[in-house]
Amino acid sequence: MIETDILIIGSGPTGLFTVFEAGLLKLKCHLIDALPQIGGQLSELYPKKPIFDIPGFPSVQADELVDNLYEQIRQFQPGFTLNEQAVSLKKLDENLFEVITDKGTVHRAKAVVIAGGLGSFEPKKPPLENLARFEDRV
């Protein structure tokens, strides 16, 4: 079981910056993301795209922004659960939440921040009989 002050669902720019702000307040964070790497859509869909709406940067490349955000939060030593999707959220008592992932990892936190952007990425599977037999094979 993973315990933290703030559990952040989503490791895109909003989730990463949440770690920075919480870290300034001496709060420990852990992030869950369905993708195998941090950065959300910036990393998954368009890492080389220039972005023009980040304060202080006339233009910044998407992967560079993710790298800079990670470098900024590294000092706060956040934890990461990657390649797992949060599937349940339950309030255990007045000061504690529990989130369980699709792989059964249990997280407990005093607060949960949902920074999921457009949500989890899932493959569009063809409607084939017995498709599961062929999945997760090399």
Discussion item. Could you check the range 28-54 and list, in sequence order, the residues that are of a type in the set (K, R) and touching an Asp or Glu at 6+ places or on another chain (Cβ under 8 Å)?
Written reply: K28, K48
Worksheet, complete the sentence: Taking the range 22-53 and the residues there that are in a helix (DSSP H, G or I) and in contact (Cβ under 8 Å) with a residue 60 or more places away in the chain, the one that is farthest from G12 (Cα to Cα) would be E44
Worksheet item: If you scan the range 70-86, which residues turn out to be more than 13 Å from the chain's Cα centre (by Cα), under 19 Å from I6 (Cβ atoms) and either of a type outside the set (K, R) or crowded, with 16+ Cβ neighbours inside 10 Å (or both)?
Response: Q72, I73, Q75, F76, Q77
Fill in: Verdict on E64 being in a helix (DSSP H, G or I), surrounded by 12 or more Cβ atoms within 10 Å (Cβ to Cβ), free of Cβ contacts under 8 Å to residues at least 24 places away in the same chain and among the acidic types (D, E)
yes
Worksheet item: From the set of residues in the range 87-114 that are part of a loop (DSSP other than H, G, I, E, B) and modelled with pLDDT of 95 or more, which is surrounded by the fewest Cβ atoms within 10 Å (Cβ to Cβ)?
Response: G104
Worksheet item: Among the listed residues F76, F17, F80, which satisfies the condition of being touching a helix residue (DSSP H, G or I) at 6+ places or on another chain (Cβ under 6 Å), among the aromatic types (F, W, Y) and in contact (Cβ under 8 Å) with a residue 40 or more places away in the chain?
Response: F76
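The values are calculated or read from the model by the stated rules, or taken from the named source; none is laboratory data. Predicted model only: the values in this text are computed from it and were never measured. Don't worry about glycine lacking a Cβ; one is built from the backbone with ideal geometry, like all the others, and counts go over all protein chains shown.
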